Every structure is written in C-alpha cells, then in structure tokens.
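The values are calculated or read from the model by the stated rules, or taken from the named source; none is laboratory data. Since the model is a prediction, treat every value here as computed from it, not as a measurement. Glycine gets a Cβ as well: all are built from the backbone with ideal geometry, and neighbour counts include every protein chain shown. Quick note on the areas: whole protein, heavy atoms, side chains included, nothing else; ligands and nucleic acids left out. Shrake-Rupley method; radii C 1.70, N 1.55, O 1.52, S 1.80 Å.
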Amino acid sequence: MTKHEHYDVLNVEGGRPVKMWTRGVPVEDEAKRQLANTARMPFIYKHMAAMPDVHLGKGSTIGSVIPTLGAVIPAAVGVDIGCGMMAAKTTLSANDLPDNLGPLRSAIERSVPHGMSPKTRGFKGRDKGSWDTPPLPVDQAWMTLKDEFDDICHKTPRLKNTNNYKHLGTLGSGNHFIEICLDEQGFVWFMLHSGSRGVGNAIGSHFIELAKQDMRTHFINLPDQDLAYLPEGTQHYDDYVEAVGWAQKFARMNREVMMQNLIAAVRTVITKPFETHVEAVNCHHNYVQKEHHFGKDVLVTRKGAVSARAGELGIIPGSMGAKSFIVRGKGNPESFHSCSHGAGRTMSRTEAKRRFSVEDQVRATEGVECRKDADVIDEIPMAYKDIDAVMEAQSDLVEVVHTLKQIVCVKG
C-alpha cells in the first residue's frame, strides 16, 4: 500500500492499482481481496477507486468504481439496478410538524407499498382500493417507459412476465427506506432510497447468467465467476447495455412516483400549505454509464458509489439513527468523479441480528419515529460505519451542503 495526499493505493500484482479513500475507516481483508480480483480483469481502465464505505459484496465490492474499456461486468452493476436516493427540501420547518409523529409515519406506510406488506407480497396488480389514495402518477410514468420495455421484451421474452408496471411506485425491502429529516436550519426534507425493483432484479440476474454461460463456452477462467463479463461488439453486450439503461430509467422514475405519493401522504396530516422541491436531488448509486475520463470514453460502473462531478449534487445517507448529507461534488478525476453512497456496513445482516437486541435498537434510534422490532435489527446503526469518519475520508471528493437528521423513518 502506497500513500498519496488524500488516498492510499492498493498495488495489485498482475492488475491495475486501486486508489482507496479509506483513511480512518476500517476495510475488511476480504474486501481488499475482492477489489484485487476485479482489478486483475484485463479491461480495467487505468485504475479502480474504492470509496470510504467499501465492503464485501457479491462479485464486486460495494463502494467501488470500476472503469472498463471494451467490456461490462453485469454482476458488478448487480441486480438492484439503478438503486439510489432522492431528496426534496420543503418550505415546512420543525415547528410545523405535529408533536406526535406516529400518524405521519402511518400515513406514509399506507400510501407507499413497502417491504413484504400485503400490498407488495405477491403483488398481483394495481387494485386501487388497496391504496389510501390512488397512486398519483403511476400510469402516466409507465407510459414513458412502456415502448422501450416492449422492445427489450421482444429480444428477451422472459422479462415480460416480471413485476414491472406492478412495482412502479413501490419501495421494496432490506435497506430501502423513506425518511422525513430536518436540516441544519430546521427545514423539513423528504428523502427515500430505492431502485428498479423486480424488473431490475430480473434483468440483472438474466444477464449475469448469460455472461457466466459465455465464459464457460469460451473456456475463460476467472478469479471469481461473478466477474463474468460481456465483451463489446457482441449481441449480449448490446442487449445488456440497452436493458440496464432502461432499468436505470425505471429506478429514477420509481423514486419520482414514490416522492409524489409521499408528499400527498404528508398533506393529509399537515394541513398547512407547503411547497416541495425547493432543492431536489435524484441520483443512482448502483449503475453503469458511458463517461469521458483521462482522454477516453469508458464505461463506469459505480457499485455503491455516487457521481460527484464538479458542482453536481448528491446524497450520502447515514444509518437510520445517524445523519445524512446533501453534498456537492468536487470533480476529483482520480476517483472518476465519484463519492461514497452511504456509511457502509461493518457486519452482515445475520451478524447484526446475532449481536444486537431489540433494546439496543430502541436505544440507537431514540428520537426517531420508526419501527423498533426484531425484524429491523439488521439495520441497526451499529451495523454501519461511522458516517463522520466516512465523510472525513472523502473531503477531497465532496463538500457538505446540508446535514440532515432523521426524525421519521419507514423501512422496507
């Protein structure tokens, strides 16, 4: 490991170096080995970048930025294609909120299908009677996605029988969430975290398996089978780039739909008129796109990382008991204009459930209106890295514009 002013370099034998913005933040040896495996792929361009929230993932490391020339790794993008964040500042202040935040959380939970509730478990269709109010923009939003999806299904028919339209405007489970936050001046923000849901999972899974089949067909040995790739110039590559691009549009639209329904839900509880989108950000953190770096057009895969071009706004959430940040990118070329996508886990969900109790969860989320039962212990704040240390480690990548404190959290 060699040191530079703001980052360390993991020198990889037989591969490209990995520039790591991880000073003051623990990184597992397994994550370093996984980074090195990816860095040995022959099409990595110049170097990889590891963000301070980096931790072990499936195939490629979460919190990594992977620039490639002439190939794409579907498992590096993953199956939660286009997963990301949306935040909107309102004209409401802390004084406008009710003393009891419970009804506010309940209104949101009724208006946005989430987790494994009856509204999303085996979701068969849009029975508008199952919603408090009909989902405002779902049909209109789907019409902007439908024609391209039909073209994709013509090439890959199995994708037609997925939860596509049915999942538009739904949150999902795991670490997906909806939050109401206060900024440093006491203004209310709405924030949510979700991606492309069932259809994105189906697209990712299909092309990950196709890439593995291609590797077997051509007798290509890999350090990890989840590094199976699709070479540029092949039909599978072209089909994947089209499908993954569509899934990213779906994910962005999914967040827009949920935000509109979240706002409508809040208006049923807070009757004072208010404006939203005073400031608004909608950004992916699991995705791939073509970008220009170091003189070449390359594919940049951000697996748990956010674009941070100079002046570009992004969102870095902490855990459900911590704080989150609206940031402005500094356009650091060495990170391929990227920053972290959150705090990053320090332990698996299974380990968190083994180590912590409901009482720990209650203490860690004091002051936040949220679920505090055994089923959400895997999301306990102590299962995540210290968000302040994460932010300090990437001070040359972003500047903080707003610091947000969660007061209501709806978990998927």
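For the stretch 255-300, the fraction of C-alpha pairs farther apart than 17 angstrom is 57 percent.
Roughly to the nearest percent, how much of the accessible area of the chain is carbon and sulfur, given a 1.4 Å probe?
50
A simple count of charges around residue 210, restricted to other residues whose Cβ falls under 14 Å of its Cβ and scoring Lys, Arg +1 and Asp, Glu -1, yields -2.
What does the accessible area per residue of the stretch 170-262 come to in Å², with a 1.4 Å probe and no ligands, DNA or RNA counted?
On the way: 3290 Å² over 93 residues.
On a per-residue basis, the stretch 170-262 sits at 35 Å².
Which one of 335, 280, 325 is farthest out on the positive end of the charge dipole of the stretch 262-344, using unit charges on Cβ (Lys, Arg +1; Asp, Glu -1) and the Cα centre as origin? Value computed over the given set: 325. Here, the stretch 1-62 has an Rg and a Dmax of 10.7, 31 Å when only alpha carbons are counted. Only lysine pairs 8 or more places apart or on separate chains count here, and in the stretch 229-337 those with Cα atoms under 24 Å apart total 7.
Within a straight-line Cα-Cα reach of under 18 Å, residue 212 can be paired with the following aspartates and glutamates, leaving aside sequence neighbours fewer than 8 residues apart in one chain: 224, 226, 232, 238, 239. Neighbours of residue 149 by Cβ distance under 12 Å: Lys/Arg scored +1, Asp/Glu scored -1, total -1.
In the chain, the DSSP-assigned H stretches of four residues or longer account for a calculated mean residue ellipticity at 222 nm of -9500 deg cm²/dmol, using -39500 (n - 2.57) per stretch and the full residue count as denominator.
About its Cα centre, the dipole of the stretch 176-294 is roughly 400 debye, where the only charges are +1 on Lys and Arg Cβ and -1 on Asp and Glu Cβ. Between the Cα long axis of helix 138-155 and the first principal axis of the chain there is an angle of about 20°, rounded to the nearest 10. Quotient of the Cα radius of gyration of the stretch 365-412 and 2.2 N^0.38 Å, N being its number of residues: 1.41. Checking the table 166/411; 89/155; 58/166 against a 31 Å threshold on Cα-Cα, which pairs fail? Over 31 Å Cα-Cα: 89/155.
Packing, as the average of other Cβ atoms within 10 Å across residues, places the peptides 166-177, 59-70 in the order 59-70, 166-177, highest first. Each peptide in 220-227, 285-292 gets a packing score, the mean of other Cβ atoms within 10 Å over its residues, and the list from highest to lowest is 285-292, 220-227. Kirkwood radius and radius of gyration were both taken over the C-alpha atoms of the stretch 201-338, and their ratio Rg/Rh is 1.06. Computed over the stretch 300-365, the quotient of the alpha carbon radius of gyration and 2.2 N^0.38 Å is 1.43. Projecting the alpha carbon convex hull of the chain along each direction and taking the average yields 19.7 nm².
Computed about the Cα centre, the dipole magnitude for the chain is approximately 680 debye when only Lys and Arg (+1) and Asp and Glu (-1) carry charge, each at its Cβ.
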